[in-house]
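A.B. asks: Structure incoming, see below.
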Amino acid sequence: MLMLKDYIEIDENNSVKEEKTDEIKETNVEKTSQSSYSYNLENDTVNQYFDIKRRKDNHRKIEINDLDLDSKKKTKLKSPSRKENTKGKWVIILTLGIILYFAYQPMSNLFILYLKNNPSLYKYYLFIFSQINNNTILGLFMVSILGALFFLVLPSEAIFIYYLDSTQYNPMLVIGLVILGSLVGLTFNYTVGKLLGKRFIKLLFRKNFQKYQNLVNKYGSTFIFLGNIIPGPMEVLSVFFGCFKYEYKNFIILSMLGRLIKYMLLFLAFTFFWETITHYYLNFINIL
């Protein structure tokens, strides 16, 4: 049997074990608290680092935006607006037009003087002039070519009416020769434009080149057709169509159709409204 002494020893051992377990628990609690504290410290330092980095990034973005705004303001101050550019171009074009208008007569006089100094060339000039002056079929064809050239101001519509009024030629023959001669002149203009090429257009229009190229591609056929019905614009526009490398076959067919409609309308107007047309025609001759 167990003695009282043994019971006391057992109790003491149990108490010692309990004390040890309590100590172990306490040490574990301290360790967990220290690790949690250190973990919180690490999280705080990481959060502080990212906060500082975000602030720096935001500050850099603000500086970059300020620099962009300053550069845009400077470019606006340096470079003129589109309206100013277009105004400047139109001023240049109008100035060149005025110069050409006033220089046309002196240049033609110089050209005739040059021909007179070269008898072989002057002989051809006199032949062409005599054909036109005598209202011959060849003269009609030649004057139709000259009337379609972009650098000459020669109203082919008035010449057409003049031939219908003052000659006995078949009207259909007159219409055919006028159209044929004008197509020869337009072909010359188109060829000049093709030789100048797209570089000339790029030099002339610069930033707007692609815009005009798209317009030619999209509405070129309409411009050519209507431009040959309306008096005037196609002689100059044919040079630009050559520069843009517009297809010659379409160009010449649309030009022919437009000219055919124009001269047929003029012929019908001349036949049925002769007195009115004569009135305006005489006024035009008197101005010349």
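A.B. asks: Taking the condition polar (S, T, N, Q) and either farther than 20 Å from Val143 by Cα or in contact (Cβ under 8 Å) with a residue 60 or more places away in the chain (or both), does Asn250 pass?
C.D. replies: When the stated conditions are applied, Asn250 passes them.
A.B. asks: Tell me the residue from Lys245, Lys218, Lys202, Lys211 that is among the charged types (D, E, K, R) and not in a helix (DSSP H, G or I), please.
C.D. replies: Lys245
A.B. asks: Kindly list the number of the only condition in (1) touching a helix residue (DSSP H, G or I) at 6+ places or on another chain (Cβ under 8 Å); (2) more than 25 Å from Gly232 (Cα to Cα); (3) part of a loop (DSSP other than H, G, I, E, B) that fails for Leu121.
C.D. replies: (3)
A.B. asks: Exactly one of (1) of a type in the set (Gly, Ala, Ser); (2) surrounded by 15 or more Cβ atoms within 10 Å (Cβ to Cβ); (3) at pLDDT below 90 is unmet by Gly197. Its number?
C.D. replies: Every condition holds for Gly197 apart from (2).
A.B. asks: Only one of Leu154, Leu146 is more than 22 Å from Leu257 (Cβ to Cβ), modelled with pLDDT under 90, part of a loop (DSSP other than H, G, I, E, B) and hydrophobic (A, V, I, L, M, F, W, C). Can you tell me which?
C.D. replies: Exactly one residue qualifies, and that residue is Leu154.
A.B. asks: Of the residues Leu164, Leu126, which is within 27 Å of Leu110 (Cβ to Cβ) and out of contact with any Cys (no Cβ under 8 Å at 6 or more places or on another chain)?
C.D. replies: Result of the check over Leu164, Leu126: Leu126.
A.B. asks: Still on this structure, I have one more. Asn208 fails exactly one of the following numbered conditions: (1) at pLDDT 80 or above; (2) over 23 Å from Gly258 (Cα atoms). What is the number of that condition?
C.D. replies: Only one criterion in (1) at pLDDT 80 or above; (2) over 23 Å from Gly258 (Cα atoms) is unmet by Asn208, namely (1).
A.B. asks: For the range 221-237, name all the residues that are more than 15 Å from Leu183 (Cα to Cα) and either hydroxyl-bearing (Ser, Thr, Tyr) or surrounded by 21 or more Cβ atoms within 10 Å (Cβ to Cβ) (or both).
C.D. replies: Ser221, Thr222
A.B. asks: If I filter the range 181-192 for residues that are part of a helix (DSSP H, G or I), crowded, with 18+ Cβ neighbours inside 10 Å and under 22 Å from the mean Cα position of the chain (by Cα), do I get at least one hit?
C.D. replies: yes
The values are calculated or read from the model by the stated rules, or taken from the named source; none is laboratory data. Small disclaimer: the values here were computed from a predicted structure and weren't measured. Quick reminder, even Gly has a Cβ in these numbers, built from the backbone with ideal geometry, and neighbours come from all protein chains shown.
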